[in-house]
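K.L.:
This structure is in C-alpha cells; I'll ask about it shortly.
Every read-out reported here was derived from the displayed coordinates using simple, explicitly stated rules and does not represent laboratory data. Not measured: the values here are computed from a predicted model. Positions of Cβ are backbone-derived with ideal geometry, glycine not excepted, and every protein chain shown enters the neighbour counts.
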C-alpha cells in the first residue's frame with residue numbers, strides 16, 4: 001500500500017511541477033512540493049517498517065516499537081518544515097509583479113491531486129487503523145493534507161484565471177495551503193512526542209483493563225495499574241489482590257488468567273506484568 005502511494009506521489013509531484021510552471025501558478029507549485037514531502041514520508045515508512053517490526057532481541061527486550069513513534073515524529077516534522085517553507089515563500093513574493101497570470105492548465109494538477117490523494121488517504125488510513133500503526137495513519141493524514149491543500153490551490157488558480165488583475169490571489173492560496181500543512185503536522189507530532197515521554201493509556205482503556213482483570217475468578221481487587229505506549233501498542237502492569245491463603249500454584253494460575261484475558265481482549269496491549277498481593281482481611 002505504501003509502495004503504491006510512493007509511485008502516486010512521484011507522478012503527482014512531477015505533474016504539478018510541470019502544470020504549475022506552464023500555468024504560472026505558485027499555489028500549484030507549492031502543492032507539488034507538498035506531494036514531494038509525501039514522497040519522503042512514504043520512504044520513511046518503508047525504511048522504518050523493517051526495523052520496528054523486528055522481534056525483541058538482547059539489546060531490545062521490549063521490542064523495537066519505539067522506532068515507529070520516531071518515524072511518525074520525523075514525518076510530522078518534515079510536514080511542518082514544508083508548511084513553513086511554503087508559507088514564507090508565499091508571503092515573501094506576494095508583492096512580486098506577475099508577468100503572466102496563472103493559466104487554465106494549472107487547474108488540471110490541482111484537480112487530479114484532489115481526486116488521487118483523497119482515494120489514497122481513505123485506503124491508507126483504513127489499513128493503518130486495522131493494523132494499529134501510528135506511522136501508517138500519519139502517512140495517511142499526509143495524503144489527506146495534500147488533497148485538502150489542492151482545494152485552496154484550485155480556488156486561487158480559478159480566481160486568477162477569471163480575473164487576471166487578481167493574480168496575487170495565487171499567493172494567498174499558497175499561504176492557505178501552508179496553514180493546512182502546519183495544522184496537520186502539529187496533529188501528528190504532538191501525540192508522537194507524548195508517546196516518547198511514556199504517555200499512559202486513556203482512562204477508558206485503563207477502565208476496560210481493570211474490568212477484564214476483575215472478571216477473572218479469584219481476583220478480589222485491582223490497583224496500581226500502570227501503562228506506557230510503545231509505537232502503536234501498550235505495555236501494562238497491575239497489582240491484583242487474591243485470597244492470602246491461596247496456594248502458589250493457584251495464585252500463578254490466576255495471574256496467568258488475568259494476563260491472557262487482557263492480551264486476548266485488548267489487541268493493542270503487547271505485554272502485561274501481573275503482581276499478586278494477599279487481600280487484607282479487613
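K.L.:
For region 33-84, what does the relative contact order come out to in percent, with C-alpha contacts under 8 Å and a separation of six or more?
P.N.:
For region 33-84, the relative contact order is 44 percent.
K.L.:
Further question: Packing-wise, with mean Cβ within 10 Å as the measure, how do 126-137, 47-58 rank, highest first?
P.N.:
126-137, 47-58
K.L.:
Please list 68-74, 40-46, 194-200 highest first by mean number of surrounding beta-carbon atoms within 10 Å per residue. Please list the in-between numbers first.
P.N.:
Numbers: 68-74: 24.3, 40-46: 20.9, 194-200: 14.4.
So the peptides 68-74, 40-46, 194-200, ranked by packing, come out 68-74, 40-46, 194-200.
K.L.:
I would also like to ask the following. What is the helix-to-structure angle for 2-22, meaning the angle in degrees between its Cα long axis and the longest Cα principal axis of the chain, kept from 0 to 90 and rounded to the nearest 10?
P.N.:
Tilt of helix 2-22: around 20 degrees.
K.L.:
Based on the mean of other Cβ atoms within 10 Å per residue, sort peptides 15-25, 259-269 so the most packed one is first.
P.N.:
Going by the mean number of other Cβ atoms within 10 Å, highest first, we get 15-25, 259-269.
K.L.:
For every helix of n ≥ 4 consecutive DSSP H residues, a contribution of -39,500 (n - 2.57) applies; sum these over the chain, divide by its total residues, and give [θ] at 222 nm rounded to the nearest 500 deg cm²/dmol.
P.N.:
Numbers: 8 runs with 188 residues, N = 282.
Rounded to the nearest 500, it is -23500 deg cm²/dmol.
K.L.:
Relative to the longest principal axis of the chain, what angle (0 to 90°, nearest 10) does the C-alpha long axis of helix 248-265 take?
P.N.:
Between helix and principal axis, roughly 20 degrees.
K.L.:
Using the 10 angstrom Cβ neighbour count as an exposure proxy, how do 28, 219 rank, fewest first?
P.N.:
Ordered from fewest to most neighbouring Cβ atoms within 10 Å, 28, 219 come out as 219, 28.
K.L.:
Another one. How tilted is helix 134-162 with respect to the longest principal axis of the chain? Cα atoms for both, answer in degrees (0 to 90, nearest 10).
P.N.:
Around 20 degrees separate the two axes.
K.L.:
Separate question: With a 10 Å Cβ neighbour count serving as the proxy for reagent exposure, in which order, fewest first, do 256, 118 appear?
P.N.:
Lowest to highest Cβ neighbour count: 256, 118.
K.L.:
Now, a different point. If you restrict to DSSP beta bridges whose two residues both lie in the chain, what percentage is antiparallel, to the nearest 5?
P.N.:
Looking only at bridges with both residues in the chain, the antiparallel portion is about 45 percent.
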